[in-house]
1. Rounded, prolate or oblate: pick one for the range 337-431, where a ≥ b ≥ c are the square roots of the eigenvalues of its C-alpha gyration tensor, a/c under 1.5 means rounded, and failing that, prolate if a/b is larger than b/c, else oblate.
2. Sticking to Cα atoms, compute the Rg of the chain to one decimal and its Dmax as the biggest Cα-Cα distance, whole number, in Å.
3. Summing Lys, Arg as +1 and Asp, Glu as -1, what charge do residues with Cβ under 14 Å from the Cβ of Asp164 carry, Asp164 excluded?
4. Counting other Cβ atoms within 10 Å, keep those with at most 11, restrict to DSSP loop, and tell me which GluC sites (Glu not before Pro) in the range 22-119 are left.
5. Would you order Arg390, Arg261 from fewest to most other beta-carbon atoms within 10 Å of each residue's own beta-carbon?
6. Which of the GluC sites (Glu not before Pro) found in the range 280-384 are loop residues per DSSP with 16 or fewer other Cβ atoms within 10 Å of their Cβ?
7. Quick one: which residues, 5 or more positions from Asn6 or on another chain, have an amide H under 5 Å from its amide H? H modelled 1.01 Å from N in the peptide plane, none for Pro or chain starts.
8. Counting Lys +1, Arg +1, Asp -1, Glu -1, what net charge surrounds Arg140 among other residues with beta carbon under 10 Å of its beta carbon?
Amino acid sequence: MSERINTLVLGGGGREHALVHALSKSAIIGDLHCAPGNPGIEAIASVHKLDPCDAPRVVSFCAERRIGLVAIGPEAPLAAGVADALRAAGVRTFGPGKSGAMLESSKSFSKKFMKRHGIPTADFSVCTKIEECEAALAGRKPPFVIKADGLAAGKGVFLPDNMDDALAICGELLIDGRLGDAGRTLVIEDYLPGRELTVFAITDGKSFRLLSPSRDHKRVFDGDKGSNTGGMGAYAPVNIPEGLMEDVTEYVLRPTLEGLRSDGIEYRGVLYMGLMLADEGASLRISVVEYNVRFGDPETQVVLPLLRGDFGRVVNACADGDLSSCPDLGNSGSALCVVAASGGYPSDNYERGLPIHGLDAGVPDLADSFVYHSGTRRDERGCIVTSGGRVLTAVGVGDSFSEAHDRAYARMNSISFKDMHYRRDIGWSEE
């Protein structure tokens, strides 16, 4: 391929920063754009004030800028059908259409899909009334697992440890409308003990490429205590038993792709498999906790830096439906990331607009540690300030887990803003 491809990444968080960074190294990528982007992304791509969910505007922007490839980062544009609109306009797009996005945008659809196609997952009940919730909870033991059916920006999963709290949560969602339409239908399922694992597969619906297995830390405080968050840090690869990835492929990935094809759903992009591993005698039992239909955050920030190969070629081939023509991606080394959060996060009760100290705008300035922006913006003076709950991610890369760990925390320790907090035990299960 002699002519480089002008490329647009939709989204503006840490995941998109990592995507832009990886694509910027590709030999086939031409002008690189991101919408809406963030101050960190400005150093390596042109950023634009463009709503990623506004399909007609995204399509017209691609025509104006001669964009030949679009990579969609967040789930909301995928659920809104932006990928469908782009493909209809002849733009190669990395990300599933609206029907494929249902694997994430509707928990009840996802669970029924898994049951229909024999993919291992926890037993579940779908509820739209309090009486149905009471019956579903009565047949289960705490801790209870309650999930809002729709997209809830990482705030739709609840793990109450007693019946009173569980019923109160169901009432807040179904009756009080705590999460709006996203919580009008609930999935109540059995609790799965074990260790979580994230596996990304890049797929055109037929061929696939597996990336390094990773593990994130959802709880806000050290020791996996406190409320669930969007993710406070992650590391890759995870030390897993020999043959586990082959089992994931046989029992989860291949049946999922076959199920999508049999249901008439074309799928091009990333399939995120959130798994639970439980000891079962001499083997591990694999269960699917959830699908996502895009790269996860913050796992992307540790998985992409480990790739050895041209990420842009793989994304383009996948979007073109011809992934089999592209060589496999290698993975080497270790990476660990730590998320710096605003005081009060994961609630929405935190200050914004706080100056960030010790932060270089350019990314990356070192080969083995760098910073991805998530919740930052520029103030009226052009200075970078906080604008969200998860503000930035410090990443360390090395030949070993310990090198990656030390470099990530060294980078994090050089940064500060008022009421900043972060976990100091990311990767504790590997240490």
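1. Working: a/c = 2.80, a/b = 1.46, b/c = 1.91.
Oblate is the answer for the range 337-431, as a/c is 1.5 or above yet b/c matches or exceeds a/b.
2. Cα radius of gyration and Dmax of the chain are 20.8, 64 Å respectively.
3. Details: positive: none; negative: Glu134, Asp161, Asp165, Glu172.
Result for the neighbourhood of Asp164: -4.
4. Details: sites: Glu42, Glu64, Glu75, Glu104; in loops: none.
Passing both the DSSP loop test and the Cβ count: no residue.
5. Numbers: Arg390 24, Arg261 13.
In order of increasing Cβ crowding within 10 Å: Arg261, Arg390.
6. Glu351, Glu380
7. For Asn6, whose amide H was placed from the backbone, the distant partners under 5 Å are Gly30, Asp31, Gly68.
8. Values: positive: Lys141; negative: Asp123, Glu189, Asp190.
Net of charged neighbours comes to -2.
Read-outs throughout are calculated quantities, based only on the coordinates presented, and are distinct from any laboratory measurement. These figures come from a predicted structure and were not determined experimentally. Using ideal geometry, Cβ is built from the backbone for each residue, glycine included, and neighbour counts are taken over all protein chains shown.
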